[in-house]
Every structure is written in C-alpha cells, then in structure tokens.
Amino acid sequence: MLSEALFALFLTATLMLAGCKREERQLRPSPQASQVINEAQVSGLNPGANPLPGPPTPTIYEESAYAVSEGKRLFNQYNCSGCHAHGGGGIGPPLMDNYWIYGSQPENIFATIVQGRPNGMPSFRNRIPEFQVWEIVAYVRSLSGLLPSDVAPSRSDELHVKPPEQSMPKQTPVGITGAPEPSK
Amino acid sequence: MSQQVAVPESTREPILARTWRQPGGFWGWFQNVHHTAIGVRFMVTAFIFFLLGGVLAAIMRWQLATPEHGVIGPDLYNQIFTVHGSTMIFLFAVPMMFQGFGVYLVPLICGTRNIAFPRLNAFSYYVYLVGGLLLWAGLLLRTGADAGWFAYVPLSGPEFTPGKRSDFWAQMITFTEVSALGVAVSIATTILRYRAPGMTLNRMPLILWEKLVISMAVIFAMPAVMVVSYMLLMDRTINTQFFNPAVGGDVLLYQHLFWFFGHPEVYIIFLPGTAIASTVIPVFCRRHIFGYVPIVTSVVATGILGFGVWVHHMFATGLPQMSESFFTAATLMIVIPTAVQFYCWMATIWHGRLQLMLPMLWMFGFFFVFLIGGLSGVMLASVPLNWQVHDTFFVVAHFHYVLIGGALFPMFAGLYFWIPKITGRMMNTLLGKVHFWLFFAGFNITFFTMHFLGLRGMPRRVYTYGPEMHWEGLNLLASSGVLLMATGVIVFIVNFFHSKSRGRLAGPNPWGAGSLEWAVSSPPPAYNFLELPTVNGREPLWDALPNQPVVTGLRDDIPEVLVTNSLDSEPQHRDELPPASIWPFLAAIAVSVAFIWSIFSPWGVAYGAIPVAATLLGWLWPRGHSPSPRVPEEV
Amino acid sequence: MKQAGERPVLDVSGLPSVAFGRSNTSWLGNVFYMLIEGTMFALLFASYFYLRTRSSSWPPFQSPPYAVYGIANALLFAFSLIPARLAQRVAPSGDRQKIRLALLGLGAFAVANLVLRGFELTSLNCRWYENAYGSILWSLVGLHTGHLITELVETMSLAGVSFTRSMEGTRLADVAINSDYWYFVVVTAFLMDVIVYGTTRFL
Amino acid sequence: MTLARLHSGLALLAQFTGEHNSLHPAGPQASGIEWLYWVVFWITFAAFVLVVAGFTRAAVRNRSSTSEMLPLVRDLEGDRRASWAVGTAVFITVLTLFAVLFMSIITGKKVEGLTSKNPVTIQITGHQWWWEAVYPNTQADQTITTANEIHVPVGKPVVILTNSADVIHSFWAPSVHGKRDLLPGYSSAFWIQIDKPGTYAGRCAEFCGLQHAHMGFSIVAEDQDTFQRWEAQQLKPAVEPNSSETVRGRQVFLTHACVMCHTIRGTDAGSRMGPDLTHVGSRRMIAAETLPNTPGALAAWIIDPQRSKPGNKMAPNLLNPGDLGALVTYLGTLQ
C-alpha cells in the first residue's frame, strides 16, 4: 500500500512540475494585449527575408491550443477566408505553402495584418484588438505546419475543405527569392 | 473416485502456504496476483478517488454557495465538475462496487482459492490505476476534461475543445473499461466454474447471482462506451467525421451509443448495492432471505431491462412521440424488479429478528435514500415532466439519491460488514454511528434541497448564477450539508485506522453469517481454504450438515483449484492457476504507453503495439514443464 | 489435531488436470471476449445503418468499394476454416507434428488474408477523413483487421510453442480455443463483407 | 381544499423567482406539465410514506437490542403470509405505474397538441453564449432579427423553430414549456402559448461551454397591439444619429472592433458574428440577460466584457472616455 501511495505521489509531483502551456486559456487578456494598435507605423514595402523589427512577439499565443483555435474562429468570422480561402489562396495568396512574400515570422504576419499590404490586403489597424491579431497570426502559422501538432487545431465541424492544421506537414519557409528564410 | 488417506492439516498448511505465497518486497508488490490483494487494492484506490472526487464536489459547492461567487472561474469549474463526475462514475463507483468487492469476495464466497485468470485480474488493476492517474494528472496539468462526464459532441469534439482535454478523458474511459471488462470476465468465469461442489445455481448466494448479472451487463454495455470514446478520439486525432453534421456525421449517434452504455452503467453501479443488501439483511435478521427466486428473477430482469431504456436520457432532443412513450413505459417497467427486491427485504426484516448493528443501520439509510431517488426517477421517466426537470438540479438531486443511495450507503454497509474479514479487527460502533448520522443528515440537506432548485429553474453545470434568480438561500443550504458529509467521512477514516490497529479481534465469523467467506480466518490465508468446502444450501454455513464433506485430492504443491460445471457445480477437473508474475504489470505499462502515445500521434498505436505484443508473449509464454506431465481428457 | 480423513470427503484426485471443450476455463474466458468484441462489431454495424439514415445518398457521392479483393478474401476465409478445424481436431491427441502443421497452415492463411486485406484497404474508394461513411467503413475494416493481426500473432506464437517441449497440458487446450477464435474472426469477416460490399450496392 | 392549501405551501418552498419556475405556469403547456407534476408527486409521496412505514414497522416489530449472535429464525407460516403481502404490493405497484404511464402519455399528447394555421413563427438559433431570434418572413426586409429578448403576443400559439450555430444548447423557459435541445445538424419545431402578459425568463439547459451559466433569454408576452407596435418598430432600420454626440458614437462604432462582429441595419456594419444591435436600445438586458441595459453597464461591458462573462466571444475594447461615452449614447438611441 505504501509503495503504491509513494508511486502515485512521485508521478503526480513530476507531472505538476512539468506544467502544460498548451492548455492555458487566457480568458481575460491584459489591457495591453487588448489594445488596438493606433501608432502609425511607416512601413513602406519591406518584403522578403528582411523582416521589420516589430514589437516583441508574445509566445503565449503560439503555445496555447485555445488561442490558436480562437485564431481559427476569427480567421473565418472576420472573413479572412474570403480572400485566402481556407489557406489555399484565392484573391489573396495561399497560406498553406512555404512561400512567404512578407516573411513567416510572427511579427511579419502581425505587421501584414495590422498594416495591410499592396494589391488588396486591407489594414486591420483599429479593427482587431492586438491579442486577437496574435491569435490569428498563430493560426496562420499553423496552416503551414509551423506550430507543434498538439497545439494546432483539429478538423472543424464543417464541410471538409482542407486537411486539418494538426496534420499539416511542416514547411520550410522561403522568401520571394526562393531561399530559405534565415531563422532567428 | 477413490478414497484417499488425507494428509494431516499440520503438515499440509505450510506446503499450501508456500505454494500460494505471493512475493513480498517492492517488486513483489507488482507481482502479486492473489484476488484478496488485488481486491483490496481496487477498494483502497477507488476510495482514494472517492475522497478526491469529494474534494472537487466540496469546491463546487463552495463556488455555488453564493451568487456570482468568484472562487473559481468557469474554465476551472468546468474541469472540476467533469473530473468529479468522471471520477465518481468511472474511477470510484464501478471499481469499488464491482471490481473491489467482487474481486475480493467472489472467490471466497465460491469457496475457491483464487479468482479465474488471476493475471488478467492483476493487469486490470494496473490499467485502472493508470487510467485514474491519467485523468487526474490531466486536471493538475490544466488538461482537465471539461465537457461533462458524458462529454457530448460537438462540445467535446475537435472544434470546441482545443488541446488534449477530451482526449485525456476518452483514453481514461478506455483504461477503465479495459479494466472493468477484464474483471468481468474473471468474475463471471469464477462464478461459473469455481463454485464449491454442491453450490448449484439454485443455491448460489444472491451476491454471486448479482455479480454474474453485473459481469454480463459489463460485457455487453462497456463495448458501447469504448466504441463511442474511440469515435470521439478518432474525430479529434485522425480527423474521422463521425460527429460532423456537415459531412454526414451525427451528434445524436454519440448520445445513443453513450447512453446505451450509460444506462446499464447505472445498474452496474446499483446492483452491487442490492447484492450487499441481500447479503447483509439476512445476517442481521437472523433468517434466510425471503423470496430468493423473485429476487434472482428481479436481478436478471434489471440486467436485461437496463439495456432498453437509454433513450430516457434524450427526451429533450425531440425524438418522435411514439418512441418516447415506449421508453417511458420501459423505464417505468424497470421500477418493478427493484420494488420486488424492496418488498422482499421488508418481508425478511418483518419476519426476522432484527439486530440494528452498523451494517444494518447503513442498510436502512440505503432504503430511505434510494427510495427517494427511485421515486424521483418515476417522475423523470414521464416525458412531459422530463422536459421540465431534465438537466436541472432536480436531476442532480435524483441521480445523487440513486447513486449515493444505491452505491455509497450499501458500500459503507459492506465496508462495516467485511472490514473485519479484511483486517481481522472490528470497527468501532460508536464512531460508526456518528459517521452514519453525520453523513445521512449532510447528504439529505445537500441533495434534497437541489430538488427545489431544479423546479425553480436552476440548470445543472452552471458555474455561477445571478442574484436576480433568488437561488442563493437554497444553494447556501445545500453547500452547508457538505461540511457534515465531509466530517462523517473523516470519522470513518479515523475509525478505520483506529480499528485496524486497535480494534477488537474479529475471529472468523463475528456476525454469525452464513456464506463461505466467514468459514476462513480473518484475514483469509494465502490459500483461502485449507480444505475446499462443499455446500448444502443457500447459506452454506447455516445449512451445513453436521458432517459436511470437504474436498480432498487437490495437489498442495502446485496452485491448483477445482473446476465444477456451471449448472449443478459437479466437479469436472482440476485446474492449475498461474503463479505470481511481473508480466501483468509490464503489460499494463506497455498498454498505457500505447494508449497515451496515441493521444498525441496515431503512430502511437502502431509503435506502441510492439511492446504490448512483447509483454503479452512474456505473460503467456509457457512456464516450462508442470511438475508432472498432465494428461488431457475430453470432458 | 483434527484430521480431514475423519470427515466424509469428496476426493477429486482422480479428475483430469486439463479439460478440452466447454468446461475449460480459458474456453469460457474466450467466449466472453468474443461476446465483448462481437458487441463492438454489432454496435459499429448499428452505427453504420444509423449514419446511413442521415445521408440522402449512400455511399454519399462516391462509388461503392471495389469488391473483387473482398470476395477473394471471403473465399480465402472460408477455406481457412479447414486448418482451423484440423488444429482443433488434432489438439487433444498431443501429436506435435500434426499440431505444428495445422497451426502453420492456419498462420499461412492468416498472412494471406492480411495481404488481401491490404488490397481491400486500397480499394474502398473512400478515405476515413472524407465523410462519416468513410469513417465508419474504415472503422469496421480496421477493427476487423486488428482482430486478424491479433489472431495471426496468437497462432504464430502457438506454432512457436509447438516446436518446444512445453506443448502439453493447457497449451493443447489453447490450440483448440485459438481455432474457436478464428471461427469468430471468419464470421465477423463475412458479416463485415456483407455490409461493406453488399449494402453499399444492393440496399 | 386542504390539499390545495398543502399545494400552495409546497409551492411556496419552490418559488420566488416568479417568472422562472416550473411550478408557476403561464401557458397551457407548462400548466399541463404542472398538473402532471402534482399528480405524480402525490402518488410518489404516498408510495414513499407506505414504504417507509412498512420498513419502520418491520424494524420495530421484532427488534432485538442484544449484540450477541441470535439463533436463526425459521418461520414458514410467516413466509406464506409474506408471499401474499409481497404479491399484493407488487400488483399495486404495477397498477400505479400504469396509471402514471397513462397520465404521462395523455399529458404529453395534450401539451404537444397545440397548433394553429397562422402562428407567429420564431426561429431560435443558439450561439455560444447568446440566442439569436429571427421572425422569418418571405420578404427579406420584413424579417426581424433580434437577440435574447423574444416578444410574443398573449394567448396566441407561437411556433419555435430551433437550430444551433455551434454546440448543443437547450431552450428552456420553465414557466412556459419544458426544454428542447438545439442540435447542430437538426432543426425541430415546438409550440408555445402564453396566456398571462409578463416577462418570462429562460436559460440554456444543456451544458455548452464556458458561459453556459450566463446564457439567458426572456420571453415578453404582451397584448396584440403592443406586440404589433413592437414588430413595426423592429422592422425599421436603425435610428439616424441626431446630435454631434451620437454622430461621433456611430463613427466610433464603425471604425473600431465593433463593426467586425455586429450589425446595425442602415449602416455599413453587417457582420452576423454577434447579436444584431439595430434596436439594442429597446432591450431590457444585455449580454444574454446578464447585465441591465443601462449606460453604465453597457460601458463596462464594452470595455471589459470578460469581467462579467469570462470566456465569451466579445473582445475587450480600450476606448478613450470620450469615444466610449459617445458610443454608449449612440447605442442607447437605437430604440
């Protein structure tokens, strides 16, 4: 009996120390994160393998399955799918491949959403709170397998339009030159 | 059969003890395959899960004590009530009432030396333990399942529960069902094959009848929940579409399959309670049970009818009226066998000589509490009433009356009754009475109140409620009862540890009971029975002839048991049982690795199968020659 | 010291120590496991027909599975009953030579069944992730394939044991029980074929 | 008569919510069920009393307080009498259950029997965690869309069509009718009728995630004229802002996150993610009956909706006080 109890205790203690960020659900984002970004950023065009120095990237969104699934929900409900389809592209470029015009790093995608890009990508500055942009960023990255599969969303309860993000093969992002992006 | 000169007991005893001895020490603990050890482990582990589940219940009642109480937020609350429900059903009620009591008692009551398939039985324990730890590790790692204990899709499905929460829950189900199925096979085989000569079906103690019926219910019901939890798991991990309405899936399929398991499950939990009642009541009324045949019929009928009522959990989904009326009728019909048992118990007490000792006191608690639960069940069976009270606190009250009444009260009766057999010492009567009254009062305060909350419109599974609903008074009252219940359980634990070391010695048969477990010393020796008994009546010890024969001729130097036939328990052949072994434990570990791995990657099934197959081979590989070559015969 | 000899006794020392057929405990355990797995199959069949009612066309917008491999496999299953029955017949004799042959024959059939099953899987004309029909179809075939693999491993293990001196006593009874389980695998294969290949075409 | 007094006494225990109580019916459905409840209640109560009396009598009859082991009893005559008693009891039980079954079925038929040729039709869609109510019309511009607050005419049958946008919810206003699950992939219909004017609360009764607790709605039953006035009002597009403050409020609405989720008919805002706000000012409560519709509560809700309903789908909005004030004023004018 004693050994059983000790065993259980040991196992529990180990597991508790390990912790689990994947399941963290931040239901009340901090005021900063819920800010809409009002500072005008003069970006110009700075595409490719030379990402803009952006704000520091919060990793919490990319590690939380809840945040990524929220990103997926927002991606559809804010009608990102209207142009990018479900990642396959349409009016806008596809997001499931490894080809990144404006960089694949979270801060690149963040800047793309907030600032907009020529040829049709509107700016969502003011419209989408910062934490939601990060959630969408995390989801977009999951589309090309850049997130661990236990964080990326599974299939949705909708018509089957593409393989779920969790089974996306990991892509090596390349810039417009076709060369792999320098990793950070 | 030739008469043989019996070897004197004094020389046989050490041989038998050596043959049946289970290894000691740290590794020995993992090799033990004797049913008394495994049965006690099931009970202790299940009781610990009961305490943990109770702590969660207390946290919930604390949160609900006042309106908009901010003790815990909705995310944690949802995990807590899900883990509470899952723990109480899958990790406490069934493992305690069916596996724990069954594994410990059935071989003793059958009059044999170990359970059939002892290694499968030990394996079942480890698998259950890992499943329980998985669910609780999930809760501690913030991966607590959070879609309720029946995890309806689509809420528990891939879209609405991101992360691994539901996967942990679904795999916990797999673990506990593998365990329950293994034990069901062991118990049913023990009952059908290992009964003492003379214990014909017509003389089988009621508890064996009920364990047999429960085993069969487990065998037919548990596959449903395994199927459905696997569908859920596959929907979440390998993108099957069982429950996706957009491509032909169906959310009600989940409910049908789940409740096809879920309702028999209620009887799997409740029938052991009636088994304890039918065992305890005759002892404390000093007479044979009244109505043996009606009770057996009722038990069998309950086991069968339990499979025909699952839709009454789904009345609010708007099924066709015809089918709803049919299921109302079926549900009301299932009241009849339970009523028959109640009347038979009443008649037994009426025409007996009642001694209100501790187990019997808990029996009266069971009558009272379960009666209320059963009667509110009659209300719930009616479709229109069900539309009003379904998924409200009325239902919460109902099933706590049924499950606590039908399982927990009998469990405490059974514990007070059999702990002297298990530990060899009597429990303290005064502390036992304090325990009973605290628990009984606290229980009724907490749960009777919930009927009113339900009628006043409080849905279940809400983490809070607004002050404008005026539910706060009753909720505070309900929460206060928890303190009494908790104190009662603490008194029980104190009583247990106190009596375990300092209680009065029990002796083999402290209650003057009639079934075979009371024929051996308390606690039973490693080989259970020095001489296997024969039986002459339904209460073997009460009905024994002055010169009741014993069985001889089994070998003492190898672990051998007597196999009899199912109907009239005529001796058929001798069977050698496997000795202690580490392989069941290793196989359980391999299976656990495969199951848990499969949550994270479908390849876990493929790669995980290799160590599983290896350990199973190690388990089943022949252990060299038997001491004497055995000649097979067609029987 | 009281001696057992002083009491009337029921002496069982003359009883056999191994039994074949229904009084064997493993036989009973095997029956229970077949009941459990049979219930799982039955529930999957029920789910199949339930899901069918929820779809306007069946199979939904695709052609039914290509049946040739399925029919071939069903025939193979039917013939595999011969070595299975043979193993069961020779097991009580303890004749290792015959048991080996029968078990290896059964194992060979199981391997062939498994290979054909591989072809069946490629000719189902759907994927499990496409729709609920695909999911239930693959689950059915997958569950049965799992049984086939289990049975193959068990038969080959017994065949392995039959080459050692341990092939006696309960092991002989296990050979007979293994054949019972094979019958179960064959019966479920037939039922599954009727559903997978038959109901998609003719119902 | 005493029975009636007892009823009211028991009902007192289970009351005080007024409009949210299975035992305070406001229409024929809930009344039918209430009638059945009391019938079954008294039957079960009688059964309870009889069984408890039986056990008590049995217990005191031959009780022995000694804790010594007593000899066994063999009482064949007693057993014979007990057989009769048990047989009779079982017979009565069966008859009683038949009675319950019969009354349950006829009540069910009665409750489900409501129908009408030209009913008010309301399409209810459950969302995590609010209710969308649409009064469909063949002409798109005659369709009313509102949220959480359902208006119905008194004394007229209303048919409720159900649907779910995400998970399973259950529509339940206990004073009006029993609950009905809203299942994704299924649509179903049921009838209600309210005979007493008033406001009746309802809640989601099937666990649906984080904010299951705060998923309320209300049914406002009003006389035909009031109802028609309400309908006419709801059909209008949103009120045009008439002051600089409200003009600024609309501007804030259209240039911030609000526009991503909400509709205000007559403006560019047309997203169906959140509740339709065209006539939000006319509703009693906001946030699925969680907060009163007052400027203060509305402002607090806009700034930090996660405070009172953690996990709900509305994002916090950091607006400067001037913008916030203008927005709240503007929304308040949307009567």
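The values are calculated or read from the model by the stated rules, or taken from the named source; none is laboratory data. Since the structure is predicted, the reported quantities are computational estimates derived from the model, not experimental observations. Cβ coordinates were reconstructed from backbone atoms using ideal geometry, including for glycine residues, and neighbour counts include every protein chain displayed.
Contact annotation: residue pairs with Cβ atoms under 8 Å, 6 or more positions apart or on different chains, pairing a residue in the stretch B:243-261 that is closer than 29 Å to B:Ile304 by Cβ and within 10 Å of chain D (Cβ to nearest Cβ) with a partner that is assigned to a helix (DSSP H, G or I) and among the aromatic types (Phe, Trp, Tyr), are B:Asp250/C:Tyr50.
None of A:Val174, A:Val137 is away from every other protein chain (no Cβ under 14 Å), surrounded by fewer than 23 Cβ atoms within 10 Å (Cβ to Cβ), among the β-branched types (Val, Ile, Thr) and closer than 30 Å to B:Phe600 by Cα except A:Val174.
Here D:Thr107, D:Thr162, D:Thr146, D:Thr125 are screened, and the one residue that is among the hydroxyl-bearing types (Ser, Thr, Tyr), more than 10 Å from chain B (Cβ to nearest Cβ), surrounded by 19 or more Cβ atoms within 10 Å (Cβ to Cβ) and within 28 Å of B:Leu385 (Cβ to Cβ) is D:Thr125.
When the residues of the stretch B:407-454 are filtered to those that are of a type in the set (D, E, K, R) and either outside any helix (DSSP H, G or I) or within 14 Å of another protein chain (Cβ to nearest Cβ) (or both), which remaining residue is surrounded by the most Cβ atoms within 10 Å (Cβ to Cβ)? So the residue we want is B:Arg425. Considering the stretch B:347-364, and only residues there that are at the interface with chain D (Cβ under 8 Å from one of its Cβ atoms) and within 25 Å of the chain's Cα centre (by Cα), the residue that is farthest from B:Met411 (Cα to Cα) turns out to be B:Met357. Of all residues in the stretch B:106-127, those satisfying the criterion of being in a helix (DSSP H, G or I), out of contact with any Asp or Glu (no Cβ under 6 Å at 6 or more places or on another chain) and either surrounded by fewer than 24 Cβ atoms within 10 Å (Cβ to Cβ) or not polar (S, T, N, Q) (or both) are B:Val106, B:Pro107, B:Cys110, B:Pro118, B:Arg119, B:Leu120, B:Ala122, B:Phe123, B:Tyr125, B:Tyr126, B:Val127.
When B:Leu530, B:Leu567 are checked against the criterion of being touching a strand residue (DSSP E or B) at 6+ places or on another chain (Cβ under 9 Å), over 30 Å from A:Arg22 (Cα atoms) and in a loop (DSSP other than H, G, I, E, B), B:Leu530 stands alone in meeting it. Every condition in (1) farther than 24 Å from B:Gln255 by Cα; (2) of a type outside the set (Gly, Ala, Ser); (3) facing chain B (nearest Cβ under 8 Å) holds for C:Leu43 except the one numbered (1).
From the set of residues in the stretch C:147-187 that are at negative phi and touching a strand residue (DSSP E or B) at 6+ places or on another chain (Cβ under 7 Å), which is farthest from the other protein chains (Cβ to nearest Cβ)? For the stretch C:147-187, the residue satisfying everything is C:Ala176. Of the listed requirements (1) crowded, with 18+ Cβ neighbours inside 10 Å; (2) in contact with a helix residue (DSSP H, G or I) (Cβ under 9 Å, 6 or more places away or on another chain), C:Gly21 misses just one: (1). Scanning the stretch D:268-300 for residues that are touching a Ser or Thr at 6+ places or on another chain (Cβ under 7 Å) and in a helix (DSSP H, G or I) turns up just one, D:Gly281. B:Leu319 meets each of the listed conditions (1) closer than 30 Å to D:Ala189 by Cα; (2) assigned to a helix (DSSP H, G or I) apart from (2). Among the residues here, B:Ser215 does not qualify as part of a helix (DSSP H, G or I), out of contact with any Lys or Arg (no Cβ under 9 Å at 6 or more places or on another chain) and more than 22 Å from C:Trp27 (Cβ to Cβ).
C:Gly38: small (Gly, Ala, Ser), within 9 Å of chain B (Cβ to nearest Cβ) and over 22 Å from the mean Cα position of the chain (by Cα), yes or no? Spelling it out, it is not the case that C:Gly38 is small (Gly, Ala, Ser), within 9 Å of chain B (Cβ to nearest Cβ) and over 22 Å from the mean Cα position of the chain (by Cα).
Per-residue answers, yes or no, for (1) closer than 26 Å to D:Gln142 by Cα; (2) assigned by TED's automatic domain parsing to the domain that holds D:Pro305; (3) touching a Phe, Trp or Tyr at 6+ places or on another chain (Cβ under 6 Å); (4) buried (at least 19 other Cβ atoms within 10 Å of the Cβ):
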site	(1), (2), (3), (4)
D:Ala205	no, no, yes, yes
D:Ala221	yes, no, no, yes
D:Asp225	yes, no, no, no
D:Val252	no, yes, no, yes
D:Thr267	yes, yes, no, no
D:Gly281	yes, yes, no, no
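Here the stretch A:101-130 is the region considered, the condition is being part of a helix (DSSP H, G or I) and within 24 Å of A:Met168 (Cβ to Cβ), and the residue that is nearest to the chain's Cα centre (by Cα) is A:Pro106. I need a count of the residues in the stretch B:370-386 that are part of a helix (DSSP H, G or I), touching a Leu at 6+ places or on another chain (Cβ under 9 Å) and buried (at least 24 other Cβ atoms within 10 Å of the Cβ). Of the residues in the stretch B:370-386, 4 are part of a helix (DSSP H, G or I), touching a Leu at 6+ places or on another chain (Cβ under 9 Å) and buried (at least 24 other Cβ atoms within 10 Å of the Cβ).
Based on this model, can you work out whether B:Ala329 counts as closer than 27 Å to D:Phe171 by Cα, of a type in the set (A, V, I, L, M) and part of a helix (DSSP H, G or I)? Taking the combined requirement at face value, the residue satisfies it.
Would it be correct to say that D:Ala58 is surrounded by 14 or more Cβ atoms within 10 Å (Cβ to Cβ) and among the small types (Gly, Ala, Ser)? Yes.
Counting just the residues of the stretch B:128-180 that are among the charged types (D, E, K, R) and outside any helix (DSSP H, G or I), which one comes out surrounded by the most Cβ atoms within 10 Å (Cβ to Cβ)? It comes out as B:Asp146.
For the stretch C:55-70, enumerate the residues that are within 31 Å of the chain's Cα centre (by Cα) and surrounded by 14 or more Cβ atoms within 10 Å (Cβ to Cβ).
Answer for the stretch C:55-70, where residues must be within 31 Å of the chain's Cα centre (by Cα) and surrounded by 14 or more Cβ atoms within 10 Å (Cβ to Cβ): C:Trp58, C:Pro59, C:Pro60, C:Gln62, C:Pro64, C:Pro65, C:Tyr66, C:Ala67, C:Tyr69, C:Gly70.
Among the residues making up the stretch B:462-476, a single one is within 18 Å of D:Phe171 (Cβ to Cβ) and either surrounded by fewer than 22 Cβ atoms within 10 Å (Cβ to Cβ) or more than 7 Å from chain D (Cβ to nearest Cβ) (or both): B:Met469. Inspect all residues belonging to the stretch D:244-266 and state whether any of them is of a type in the set (Gly, Ala, Ser), within 25 Å of B:Tyr463 (Cα to Cα), in a helix (DSSP H, G or I) and without any contact (Cβ under 8 Å) to a residue 24 or more places away in the chain. Within the stretch D:244-266 (the criterion being of a type in the set (Gly, Ala, Ser), within 25 Å of B:Tyr463 (Cα to Cα), in a helix (DSSP H, G or I) and without any contact (Cβ under 8 Å) to a residue 24 or more places away in the chain), the answer is no, since none of the residues qualifies.
Report whether or not B:Trp27 is more than 14 Å from chain C (Cβ to nearest Cβ), more than 21 Å from B:Val489 (Cα to Cα) and in a helix (DSSP H, G or I). Taking the combined requirement at face value, the residue satisfies it.
Table: residues versus (1) buried (at least 24 other Cβ atoms within 10 Å of the Cβ); (2) closer than 23 Å to B:His35 by Cα; (3) modelled with pLDDT under 95.
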| position | (1), (2), (3) |
| --- | --- |
| B:Gly182 | yes, yes, no |
| B:Ile187 | yes, yes, no |
| B:Asn202 | no, no, yes |
| B:Trp209 | no, yes, no |
| B:Ser215 | yes, yes, no |
| B:Val218 | yes, yes, no |
| B:Ile238 | no, no, yes |
| B:Asn244 | yes, no, yes |
| B:Val247 | no, no, yes |
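Just checking, does the stretch A:112-129 include any residue being touching an Asp or Glu at 6+ places or on another chain (Cβ under 8 Å), more than 14 Å from chain B (Cβ to nearest Cβ) and touching a residue at least 60 places away in the same chain (Cβ under 8 Å)? For the stretch A:112-129, residues touching an Asp or Glu at 6+ places or on another chain (Cβ under 8 Å), more than 14 Å from chain B (Cβ to nearest Cβ) and touching a residue at least 60 places away in the same chain (Cβ under 8 Å): absent.
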